[in-house]
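Just below is one structure, and these are the notes that go with it.
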Amino acid sequence: MEKMNEIDGLFSEIVGETGFVFADPVDLEVVDVPEDLMLVFSTVKYEGDANGLMTFLIDKRLATEFVKNMLGLEEEVVTSEIIRDGIEEFSNIFCGHFVKALYGNKVNYSIKKFDFGLVKSNFLLKSDGRVMRLFMSDDNFLALCFKEN
């Protein structure tokens, strides 16, 4: 549980520092997630001394604002391609912090794969061995899920 609290704090800190979005952890079983909510996701596969998958999910409504803040752009120039690049870059940044938080500073690993796309909120309810952490910023949802191999 202590490790999960550390990861929650790390996620909130890095989301705040990179995208100026301030999110707090919430209990997935307590909060009502709208069924029609669409989430932008980026999944990173890491391999080496540590192996697993880490997925960052962000409310589609918040993704533009997050990337705009992260890259210092005006909203009118933020395209879907820029959103993809920004979300993937955030996933890369966070994965480095995440792996070190889980396994320590001396772990050797490399990032092997990125997936990107949209999923409906019911993705948050699936349990296939993944650890799911849910966060809220105002009325917007962010999530982190991971699975160690």
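When each of the peptides 74-80, 117-123, 142-148 is scored by how many other beta carbons lie within 10 Å of its residues on average, the order from highest to lowest is 142-148, 117-123, 74-80. Sequentially through the range 136-145, phi angles give Karplus couplings (6.51, -1.76, 1.60; θ = phi - 60°) of 10, 10, 6, 9, 9, 9, 9, 8, 10, 10 Hz, Gly and Pro residues having no value and appearing as x. Packing-based ranking of 92-105, 46-59 yields 46-59, 92-105, ordered from highest to lowest mean Cβ neighbour count within 10 Å.
In straight-distance terms, cross-link reach from K106 covers every one of the aspartates and glutamates whose alpha-carbon lies under 13 Å from its own, apart from those fewer than eight places away in the same chain; here that gives D49. Stretching D32 away from N108 to a fully extended chain increases their span by 23.5 nm, per 0.36 nm per residue minus the current alpha-carbon distance. For the range 109-149, rounded, prolate or oblate, judged on the Cα gyration tensor with a ≥ b ≥ c (square roots of eigenvalues), a/c < 1.5 rounded, else prolate if a/b > b/c? Prolate, since a/c reaches 1.5 and a/b exceeds b/c. The Cβ shell under 12 Å around K100 holds other residues with a net charge of -1, Lys and Arg each +1, Asp and Glu each -1.
Rule-based calculations on the coordinates, nothing more; no lab input. Not measured: the values here are computed from a predicted model. Backbone-built Cβ (ideal geometry, glycine too); neighbour counts: all protein chains shown.
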